[in-house]
Ligand code: NDP
Ligand code: MG
């Protein structure tokens, strides 16, 4: 059970919802971090009185220091300050809610400091899942998934002592805003179209990933790493209503699922209260008024990103770091209106073909692969 949290990425979608949960559960907040959102950070400092507030952007941090000079909160800037926020002694749980591979080193630092990790930052597990899970085992740090699908699976495997009893994990996928379209139709979709997710309000990067289905691809890898299962035991099924958050099929044929309204505060709260359950003030799921629950196979031709991720997962080594680095860069270019929607998967595929994969990688190999992938994407768009 959590008493004091630090949040990496407190101004984002997950970060803000974590603070809602912290307020409702009366948790103390030790550190909060963001990149450059000064005004939101000031409001959070005044409401939650953390000991430390970090803005990685140096100018933004200077501005924040002036604005909150009347408070007891210390302000730091730069990447290394994230490591300090991740390891403050008074926090028992660190919520990793930054977006992208930038979360990797702070997550490892929090693991070394034996914190409970409430893990939202899936890119970390995609790039360096084996390293992260091994470090958690070695240090005795708990990793509790916040991603709704992985939280659902985590809830469905409680009481399962032998992972050999699991036949497969079934990740549900909303299908995103372009569900049912052909690859050609999808290629005409704009940034505004891609940012309109049917069921969830999230940060821009994951919203685009949800439209390409790369999000589900990243989640397949995340599930493989969290539960140490091979690709052929992790399936994806389209479920437009986002009510069944994922399922576990056991070898005796029993299929366990976790259902709920699409509200990230439920998995966030569970990551705080596990192994207990807290009180949720929101209306619970009403089975009698919810729409019919439907399931369908994903279309890997219209949405090739899912298959690209599955191929990288099979290859292993630095393949997933290359996939992720290329995708982060391609999505950034799409959000800057510099490439089209289908260019995202094309750039990832081209980068995967160009950058050599290292087996059994060290942390340095992974960071290098990430950089190489990003450069390869930029070269491809010159
Ligand atoms: P947002 O874009 O809403 O928020 C990202 C946060 O990270 C912000 O606080 C942002 O600060 C900070 N940040 C961004 N870039 C950097 C950087 N270079 N250095 C330091 N801090 C940085 O993202 P989400 O909350 O949507 O997603 C966060 C993570 O959670 C992602 O990995 C995502 O895949 C995962 N996730 C999100 C879900 C959701 O519902 N949103 C669901 C499941 C998983 P600033 O505001 O200053 O830019
Ligand atoms: Mg998810």
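In table form, for the structure just shown:
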{"quantity": "Taking 105, 216, 251, 122 and counting other C-beta atoms within 10 Å, the order from fewest to most", "calculated": "251, 105, 216, 122"}
{"quantity": "Hydrodynamic radius by Kirkwood, which averages 1/r over all alpha carbon pairs of the range 275-317, in angstrom", "calculated": "15.0 Å"}
{"quantity": "For the chain, built as a Gaussian network whose Cα springs stay under 10 Å, the top-fluctuating residue of 274, 227, 179", "calculated": "274"}
{"quantity": "Over the chain, relative contact order from alpha-carbon pairs under 8 Å, at least 6 apart, %", "calculated": "15 percent"}
{"quantity": "GNM flexibility winner over the chain from 162, 80, 134 (Cα, springs under 10 Å)", "calculated": "162"}
{"quantity": "The chain: most fluctuating residue of 217, 278, 253 per GNM, C-alpha cutoff 10 Å", "calculated": "253"}
{"quantity": "Span from the the range 240-278 Cα centroid across to the the range 338-368 one, whole angstrom", "calculated": "32 Å"}
{"quantity": "Alpha-carbon gyration tensor eigenvalues x 5, square-rooted, for the chain, Å", "calculated": "30, 26, 21"}
{"quantity": "Protection proxy ranking of 141-147, 186-192 - average other beta-carbon atoms within 10 Å, highest first", "calculated": "141-147, 186-192"}
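Readers should treat all values here as calculations from the given coordinates under stated rules, not as data from a laboratory. This is a predicted model, so every value here is computed, not measured. Cβ: placed from backbone, ideal geometry, glycine included. Neighbour counts: every protein chain shown.
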